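One structure below.
Coordinate-derived values only; no laboratory data. What you see is a predicted model, and the numbers here were worked out from it, not measured in a lab. Reconstructed Cβ throughout: ideal geometry from the backbone, glycine too, with neighbour counts over all protein chains shown.
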Amino acid sequence: MKRIGVIGGVHGDEPLGVAVAREVGGIQANPRAMRHKVRFTETDLNRSFLVQIPISYEERLATRLERVIRRGHYDCIVDLHTTRAHNSTCAIVTTEPNAVHRHIMHHMGLKKIVIMPPSHALISVKPDVSLALEISHGDRTYTKSYLVNRLRTLTIPSSRNTNRETIEIYRCVQHVHKKTIQRLRIPLRSFKNFVQLSVPQKKKLGLHSDTDYYPLFTKGVTIADGAFTLLAAEKKGS
Ligand SMILES: [Zn+2]
C-alpha cells in the first residue's frame, strides 16, 4: 500500500497548506499557531526538529510529530509551505535529489529544487523521502484545487520508472542577512529570485566572481528572527 504523508501548517500563518492537508487527510502540524494566525508561538517549528533537549512548545510538538512521521513509514512526505517571495515556487530538500524527489517533482509539475544544508526542519526527519513545497504567494498554478488533485493522485515511484526529466538544481551555499545587504548598500530590490547575480553584486558581496550565484526568497520575506533574507546558491541542471 502506498503511504503518502501530507503536512500543512508547520507555519501557522500559511493557510493554503492547512486547507490542502485538511482536504487530503493530512497532518495539521501546529494547530496552536494556526489558531493565532502566527508563524509559530515560541520557536519556529521548522527549526525545532531533531533537537537534543526539546524545551519550547514547538520543540516538544516537533518531538511528537517526529514520532508520528517515523511510525507512519511513509513512502513520500510532502510538507506544504507558502512564501511571500514572488516567482519562486520550488521544492526544497536537505539531501541530493533522488528518484523519490524527482518523481514528486514531475507529478507536481515542479522544475526548481533547492538543496538546503541538513537542518532542524521537518524534512530532515526522513530526508530521503521528504520534500517541502514552497509555493509562491499568488502563484496561479499552485492553487488549492490543483494541489489537492495532484496529491490525491500521487503514487510511489517504482525503481523501473525513474524520472530523468531535467530539473534545475540550486544548492544553498550561504545565508546572507538583510542587515549585511543594507550595510553594503546594495538595494534589496535589485535581487531577483532565481536570477543570476550580476558581476557588481557579486563584487560588493565579496563572492567568487567566476561562480554563479542565484538569490532565493529575497522579497517580502519576514523571518521573525531575521536570520536570512537572501540565499546565494549554485545552479546546475541535470
Ligand atoms: Zn512555511
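Quick look at the numbers
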quantity	calculated
Range of Cα positions in the range 113-161 per principal axis (Å), largest first	32, 30, 16
14 Å Cα-Cα reach of residue 236 towards aspartates and glutamates, excluding residues that sit fewer than 8 places from it in its own chain	96, 165, 168, 212
Average Cα contact separation per residue, the range 4-165, under 8 Å, 6 or more apart, as relative contact order %	25
Most mobile of 71, 152, 32 in a GNM of the chain (Cα contacts under 10 Å)	71
Unit charges at the beta carbon, dipole of the chain: most positive-side option, 215, 167, 33	215
Highest average packing first - 189-200, 7-18, Cβ atoms within 10 Å	7-18, 189-200
For the chain, convex hull of alpha carbons as volume per residue, Å³	126
Rounded if a/c under 1.5, otherwise prolate or oblate - the range 1-99, Cα gyration tensor axes	rounded
Span per principal axis, largest first, for the Cα atoms of the range 69-184 (Å)	51, 30, 30
Cα-Cα over 18 Å, subset of 179/235; 112/178; 202/235; 37/126	179/235; 112/178; 37/126
CD proxy at 222 nm, helix term only [per DSSP H run n ≥ 4: -39500 (n - 2.57); per residue of the chain; nearest 500]	-7500 deg cm²/dmol
Long-range amide H partners of residue 136 with built H, under 5 Å	83, 88, 89, 90
